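> Okay, handing you the structure first.
Since every read-out is calculated from the coordinates, none of them should be taken as a lab result. Since this is a predicted model, take the numbers as computed values, not measurements. We place every Cβ from the backbone using ideal geometry, glycine too, and count neighbours over all the protein chains shown.
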Amino acid sequence: MRKVNVALLVDAVADMCVEANYHLGSDVLETFRHGLEEEVSTVGKEVFRQLLENAYIADEGEFPLCQDTGFAILFVELGQEVSLVGGDFKDAVNEGVRRGYSEGYLRKSIVRDPLRRNNTGDNTPAVIHIDIVPGDRIRLILTPKGGGSENMSAVRMLTPADGRRGIVDFVVDTVSKAGSNPCPPVVVGVGVGGTFEKVAYLAKKALLRPLRQPHPDPFYAALEEELLQEINKTGIGPQGFGGSFTALAVHVEVFPCHIATMPAAVNLNCHSSRHAERII
């Protein structure tokens, strides 16, 4: 059994909050460059140019990429041979968020109560998803989730009779209704299967995959490509100004489901598909 002091979690989470909000991944930058080359709309090309410029300014000047620095969402793969010492796991994660958002001068966007709307003042609490896995390491992936894209997400309890066409129609319809609100070109996370709550988790987890990395199952890789083509036919385009790039990528995650059900969910990310990762 390997002992890990939760102080390491605090430091890692604080660093990831800043890194994810200041620096875009190479996979995202690559899709921006591809969009700049391939976009058919003149205005769309200019949007991609400005997205790249914004990313470079943020990276070089150590500034947040966007004023909405998001809800801190943490995906944790916790090795079953790890023994946490020195404090509570969730407290450590939230202290890391508190420190990262304060020291990184990141906007505090979380309200303590959904109706009374009083701000917590430090961007806590984080949303934490924990998966127990073999081994003696802890893998942390943090993704700051902006409110504009989150608002455009959806869950639909499809039936088996809806089939593949039902999924395609639901996903394309969700992106079409979202329009310019989630700051396209978007990254589309799609969950299929499981239950009402599981499918939403799958859609969000799908956003963690490097952009345009296809699903390992060729069947679902083909579905991802079909969805991407159908979404880009909508013509919404970069920032909603029209063009051939409404989405940068579509990622699908699936899970077994009940014989009478076929849940589906769509979770949208803006063009800045922000994330950071640490292994402890």
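> Hey, could you get me the Stokes-Einstein D for the range 148-273, Kirkwood radius over alpha-carbon pairs, 10 °C and 1.306 mPa s, rounded to whole µm² s⁻¹?
113 µm²/s
> Could I have the simple spin-label model distance between ASP131 and GLU37, label points 7 Å from Cα toward Cβ, reported in nm to one decimal?
With each label point 7 Å from Cα toward Cβ, the separation is 3.2 nm.
> Enumerate cysteines in the chain without a disulfide-compatible partner, where compatibility requires another Cys Cβ under 4.7 angstrom.
By the Cβ distance rule, which asks for a partner under 4.7 Å, the isolated cysteines are CYS17, CYS66, CYS257.
> I'd like the GluC sites (Glu not before Pro) in the range 14-111 restricted to DSSP loop residues with at most 13 other Cβ atoms within 10 Å, sorted by number. Before the final figure, lay out each step's value.
Details: sites: GLU19, GLU30, GLU37, GLU38, GLU39, GLU46, GLU53, GLU60, GLU62, GLU77, GLU81, GLU95, GLU103; in loops: GLU39, GLU62, GLU81.
Within the range 14-111, the qualifying GluC sites (Glu not before Pro) (loop, at most 13 other Cβ atoms within 10 Å) are GLU62, GLU81.
> Next up: If I take R0 = 45 Å and measure r between the Cβ atoms of ASP59 and ASP162 in this structure, what FRET efficiency does the formula 1/(1 + (r/R0)^6) give, to the nearest 0.05?
E between ASP59 and ASP162, to the nearest 0.05, is 0.55.
> I would also like to ask the following. Quick one: which residues, 5+ away or cross-chain, put their amide H under 5 Å from the amide H of SER153? H built at 1.01 Å from N.
LEU268
> For the chain, count the residues as N, evaluate 2.2 N^0.38 Å, and divide the Cα radius of gyration by that value, please.
With N residues counted in the chain, Rg over 2.2 N^0.38 Å equals 1.02.
> If you don't mind, there's one more thing I want to ask. So for the range 148-273, taking the charge dipole from beta-carbon charges (+1 Lys/Arg, -1 Asp/Glu), which of LEU228, LEU202, THR261 sits furthest toward the positive end?
Checked the options; the winner is LEU202.
> At 222 nm, what helix-only mean residue ellipticity would the chain give, in deg cm²/dmol to the nearest 500, using -39500 (n - 2.57) for each DSSP H run of four or more? Each step should come with its number before you reach the end.
Details: 8 runs with 112 residues, N = 280.
That comes out to -13000 deg cm²/dmol.
> What do you get for Rg/Rh over the range 197-255 if you use C-alpha atoms and the Kirkwood form of Rh?
My calculation of the ratio gives 1.01.
> Translational diffusion coefficient of the range 1-133 at 25 °C, 0.890 mPa s, Stokes-Einstein with Kirkwood Rh over Cα pairs, in µm²/s as a whole number.
146 µm²/s
> I'd like the Karplus ³J(HN,Hα) series for the range 66-74: coefficients 6.51, -1.76, 1.60, θ = phi - 60°, whole numbers in Hz, and an x wherever there's a Gly or Pro.
8, 5, 8, 8, x, 7, 7, 9, 10
> Continuing with this model, one more query. Per residue of the range 79-87, in order, report the coupling 6.51 cos²θ - 1.76 cosθ + 1.60 (Karplus, θ = phi - 60°) as ³J(HN,Hα) in whole Hz, putting x for Gly and Pro.
x, 6, 9, 9, 10, 7, 10, x, x
> I would also like to ask the following. Of GLY240, SER26, THR124, which is farthest along the charge dipole of the chain in the positive direction, counting Lys and Arg as +1 and Asp and Glu as -1 at C-beta?
Result: THR124.
> Rounded to the nearest 0.05, what FRET efficiency is calculated for GLU30 and VAL85 with R0 set to 41 Å and r the Cβ-Cβ distance?
My answer for the efficiency is 0.50.
> Seen from all sides and averaged, what is the projected area of the convex hull of the Cα atoms in the range 58-126, in nm²?
About 6.4 nm², averaged over all directions.
> In addition: Pairs to check: LYS45/LYS204; LYS90/LYS145; LYS145/LYS198; LYS198/LYS233; LYS90/LYS205; LYS45/LYS233. Give those whose C-alpha atoms are more than 22 Å from each other in this structure.
LYS45/LYS204; LYS198/LYS233
> Determine the dipole magnitude for the chain: charges of +1 sit on the beta-carbon of Lys and Arg, -1 on that of Asp and Glu, nothing else is charged, the reference point is the Cα centre, and the result goes in debye to the nearest 20.
With Lys and Arg at +1 and Asp and Glu at -1, about 680 debye.
> Cut-off 10 angstrom, C-alpha nodes, Gaussian network model of the chain. Which of ARG107, ARG165, ARG139 fluctuates the most?
In this elastic network of the chain, the residue with the biggest mean-square fluctuation among ARG107, ARG165, ARG139 is ARG165.
> I would also like to ask the following. Please state the relative contact order of the chain as a whole percent: Cα pairs under 8 Å, 6+ residues apart?
26 percent
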